[in-house]
1. Highest mean first, what order results for 171-178, 21-28, 152-159 on Cβ atoms within 10 Å?
2. If ligands, DNA and RNA are left out, what is the accessible area of THR123 with a 1.4 Å probe, given in Å² to the nearest 10?
3. Let's test the formula: R0 of 30 Å, r as the Cβ-Cβ distance of GLU118 and ASP54. What FRET efficiency results, to the nearest 0.05?
4. In whole Å, how far is the Cα centre of the stretch 152-172 from that of the stretch 1-43?
5. Would you mind putting 134-147, 91-104 in packing order, based on average other-beta-carbon counts within 10 Å, highest first?
6. Residues of the chain: accessible area per residue at 1.4 Å, in Å²?
7. Using only helices, what value at 222 nm comes out for the chain when you add -39,500 (n - 2.57) per DSSP H run of length 4 or more and divide by the total residues, to the nearest 500 deg cm²/dmol?
8. How much of the accessible area of the chain, in percent, comes from carbon and sulfur atoms when a 1.4 Å probe is used?
Amino acid sequence: MAALAAPELTIVQLIYFQFAGVPIALNSSNSSIDFGGVTYLGAAGLGSVSPIDDGPGEVRGLQLTMSGVSTEAIALALADSSIVQGAPLTIRLAIMDGGTVLDAPIDWGGRVDTLSIEEDGDTCTITVTAESSAVDLLRGNALTTSNADQQYLYPGDRAFEFVVSQANVPIVWPTKQYYIDSR
């Protein structure tokens, strides 16, 4: 709270691509930042992140662009798409005090969708599109509350065994008088 109330506040975006075998961690400053056991390399001025819009309504993704890319990153982009597509992507908003991260809550989370390369002879630009993890909430669940699905999840559990036979069967509760008379 003291850092937020200070006259000057340094905020840095920490971007973590969790690619299989080759995670990439970048930040929006000029220097490397250590947070949570990960070193985020400074990439200020080399790329951009589209604005994060988490308002109500449509679930929107992000587009991240980076120019002046190294040959290792180009090799990753050219590699098998299964390495890239579906890889978790986390963007944190780090509150800094000097070179120390005070707090870095998650600002956006999702999965990488596509990765494309554009070359113009001298420079190379990689563009990544990602979909928000909120998209998973819009996908339905294939399982139902049936005995077959319950046996699939928990073999031997008989919780839903009689659901079908009890459907649409009226349940008659005794009246208050029944309990008074039975004393």
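The values are calculated or read from the model by the stated rules, or taken from the named source; none is laboratory data. Computed from a predicted model, the values in this text were never measured in an experiment. No Cβ is skipped: glycine too gets one built from the backbone with ideal geometry, and neighbour counts run over all protein chains shown. Heads up: the accessible areas ignore ligands, DNA and RNA and are worked out on the full protein's heavy atoms, side chains in. Shrake-Rupley method; radii C 1.70, N 1.55, O 1.52, S 1.80 Å.
1. Put in order of decreasing packing, that is 21-28, 152-159, 171-178.
2. 70
3. Values: r = 28 Å, r/R0 = 0.94.
Step by step, r from the Cβ atoms, then E = 0.60.
4. Cα centroid of the stretch 152-172 versus Cα centroid of the stretch 1-43: 52 Å apart.
5. Numbers: 134-147: 9.8, 91-104: 15.9.
The packing order, highest mean first, is 91-104, 134-147.
6. Details: 12610 Å² over 183 residues.
Per-residue accessible area for the chain comes out at 69 Å².
7. The helix contribution divided over the chain gives -4000 deg cm²/dmol.
8. Working: 6900 of 12610 Å².
Carbon plus sulfur share of accessible area: 55 percent.
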